[in-house]
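For reference, the structure is listed below as structure tokens.
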Amino acid sequence: MAGAIRLRQLASAAGSEISVMVIEKGGDIGNHGLSGAVVDPKTLHELFPGEDITGGLDAPVAGDAMWFLTPGGKIAAPVVPPVLNNRGKYVASLNRLTKWLGTKAEEAGADVFPAFPGQQLLWDGDRVIGVRVGDKGIGHDGKPKPNFEPGPDLLAKVVVLGEGPRGTLAKTAVAKLGLDRDRDPQVYAVGVKELWQVPAGRLGAGDVIHTLGAPLPADTFGGGWLYGMNGDIIDIGLVTGLDYADPSTDPHALFGQLKQLPAIKPLLEGGKLLRYGAKAIPEGGLHAMPRLYADGLCLIGDTAGFLNGMRLKGIHLAMKSGMLAAEAIFGALGKGDTSAAALADYETRFRASWAFTELHAARNFHAGFKNGLFGGVLNAALGMLTGGRGFGLIDKLRGHEGYACMVKITQRAPQALQHRSAPDNVLTFDKLTDVFNSGTMHDEDQPAHLHVADTKICADRCTVEFGNPCQYFCPAQVYEPHFTQNNGTVEGKLQINFSNCVHCKTCDIMDPYQIITWVPPQGGEGPVYTNC
Ligand code: SF4
């Protein structure tokens, strides 16, 4: 949205007619926007200089705290590290901010189309020339139903992919064009969150608390958050690194454990669950960003890894990337040349911007956590003193594929299962109840949008080697392995309840055999992340 607005601003100022179309898979703009969000407003000020930028934000940050949680209590950090000082920032709902920006984009002259899922890129050789929008009204047997509507082919001089983390179209473009050559693999986390209406006085509007420690084991990257929103609403969530070792790790169950901790429980007790959601987060930083451009193509936002894991922020960077891409595209269109050579100006502009400086200072943040929580925190502190250098004052620590960190159950017994407890339906809920609270809806009579390339691997290998971790890492109970051993052979099937899917992309990322591909379902379906 920021990129569309910037391009229309530039076109209007130059008196040129540039047509900008934004397509979105959700049924309404913002429906699929989910974040535990403290927003740095600097990009909003750049996009709307001199204007009121608070229309899409919630409360200004009133206070910061950092807690180290233990099973019995908490240790509050006497000082919050400067990098996590949120004075001047705003707590926000990404759902509401995106809606507000959607209105601004339309006012600026962009055409905004919700319920238009980009299904595949259109190519002319190695040049992207457009996007095919998914059909509506295809039955589960692949045949058109009476309400069939074919998706249009949208042709464009430049396609900008801001699909969020692990973008479906970006994945194909990066693989086809080798845009990640010589870069570290992207590594992700998954955030699971809820909104709670709580009795007055639990957390002030704009109060920001970040947590480390329990319930995550020391070898698992991540942490929690609690943000006080206007109207006595608490935004609470837990980030679990998708590079954990124990295949029985269940981010939804860990989130339940967070809410049960003695430091957290009193803040929610007597409250009411309003909304639930989950979303992957790109954590790899600068070294894991792919090349940002190709012939007729730019990658922006979470799709390109614009997220500062050390500051726990990405929205300002995602918006900035859209604006920088727009400025490069405007120049390229003016010259009548939208080749990769012309669009390389996007990367040049990025490298000259504050966004690059910020990401460069955090470039080794995530890689430091391969030594566990305390190693990661030490590495982060070292990075703050040395302009982002890692352990040994090395300029670049090596990144890693998250799924490859999973240890086979034949080598180490799963631990996480032992800590799980049944939901109490007061503070903690089962996955299906939470899916209900995400507003998720999919027509069941359509082809599944989760493609498992070879379910024989699930039966014959995964059952034995990893214990079918999809049943744990999916926060929406989509995957139900029904396999039994019979005289040395495995029988049964993997049941895929695709209509539960909250579009978090975790399965596409964390499957140990990399055989799950997430594609958009028919347009307008999926979660409705109201106020998330
Ligand atoms: Fe997330 Fe995949 Fe489960 Fe959907 S099926 S909720 S994308 S893990």
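Below, the figures for the structure above:
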{"quantity": "Residue check for L299: aliphatic (A, V, I, L, M) and not assigned by TED's automatic domain parsing to the domain that holds A156", "calculated": "no"}
{"quantity": "Residue match in the stretch 473-481 (condition: without any contact (Cβ under 8 Å) to a residue 24 or more places away in the chain and away from the ligand (no atom under 16 Å from the Cβ))", "calculated": "no"}
{"quantity": "Residue match in the stretch 277-290 (condition: on the phi > 0 side of the Ramachandran plot, touching an Asp or Glu at 6+ places or on another chain (Cβ under 9 Å), assigned to a loop (DSSP other than H, G, I, E, B) and surrounded by 24 or more Cβ atoms within 10 Å (Cβ to Cβ))", "calculated": "yes"}
{"quantity": "Identity of the residue in the stretch 460-501, surrounded by fewer than 21 Cβ atoms within 10 Å (Cβ to Cβ) and among the small types (G, A, S), that ends up modelled with the lowest pLDDT", "calculated": "G488"}
{"quantity": "Scope the stretch 407-432; condition of a type in the set (D, E, K, R) and out of contact with any Pro (no Cβ under 6 Å at 6 or more places or on another chain); matching residues", "calculated": "K408, R412, R420, D424, K431"}
{"quantity": "Residue identified as within 16 Å of the ligand (Cβ to nearest atom) and over 26 Å from the mean Cα position of the chain (by Cα) among T433, T455", "calculated": "T455"}
{"quantity": "Unmet criterion (only one of (1) within 16 Å of the ligand (Cβ to nearest atom); (2) under 30 Å from K176 (Cβ atoms)) for G296", "calculated": "(1)"}
{"quantity": "Selected residue [more than 19 Å from P282 (Cβ to Cβ) and in contact (Cβ under 8 Å) with a residue 40 or more places away in the chain] from A173, A200, A218, A189", "calculated": "A218"}
{"quantity": "Number of the condition not met by D58 [criteria: (1) within 30 Å of Q119 (Cβ to Cβ); (2) part of a loop (DSSP other than H, G, I, E, B)]", "calculated": "(1)"}
{"quantity": "Filter result for C470 (under 17 Å from T249 (Cβ atoms) and within 11 Å of the ligand (Cβ to nearest atom))", "calculated": "yes"}
{"quantity": "Filtered residues of the stretch 482-510 (kept if within 16 Å of the ligand (Cβ to nearest atom) and outside any loop (DSSP other than H, G, I, E, B))", "calculated": "L494, Q495, I496, F498, S499, N500, T506, C507, D508, I509, M510"}
{"quantity": "Counted residues, the stretch 511-532 - those being more than 14 Å from the ligand (Cβ to nearest atom) and closer than 21 Å to I138 by Cβ", "calculated": "3"}
{"quantity": "The lone exception for R8 - which of (1) touching a residue at least 12 places away in the same chain (Cβ under 8 Å); (2) assigned to a loop (DSSP other than H, G, I, E, B); (3) farther than 30 Å from I233 by Cα it fails", "calculated": "(2)"}
{"quantity": "D443 vs. criteria modelled with pLDDT of 95 or more and either within 10 Å of the ligand (Cβ to nearest atom) or not in a loop (DSSP other than H, G, I, E, B) (or both)", "calculated": "no"}
{"quantity": "Members of the stretch 266-317 that are hydrophobic (A, V, I, L, M, F, W, C) and within 26 Å of V80 (Cβ to Cβ)", "calculated": "L267, L268, I281, L286, F306, L307, M310, L312, I315, L317"}
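The values are calculated or read from the model by the stated rules, or taken from the named source; none is laboratory data. None of the values given here were measured: they were computed from a predicted structure. All Cβ positions, glycine included, derive from the backbone under ideal geometry; neighbour counts span all protein chains shown.
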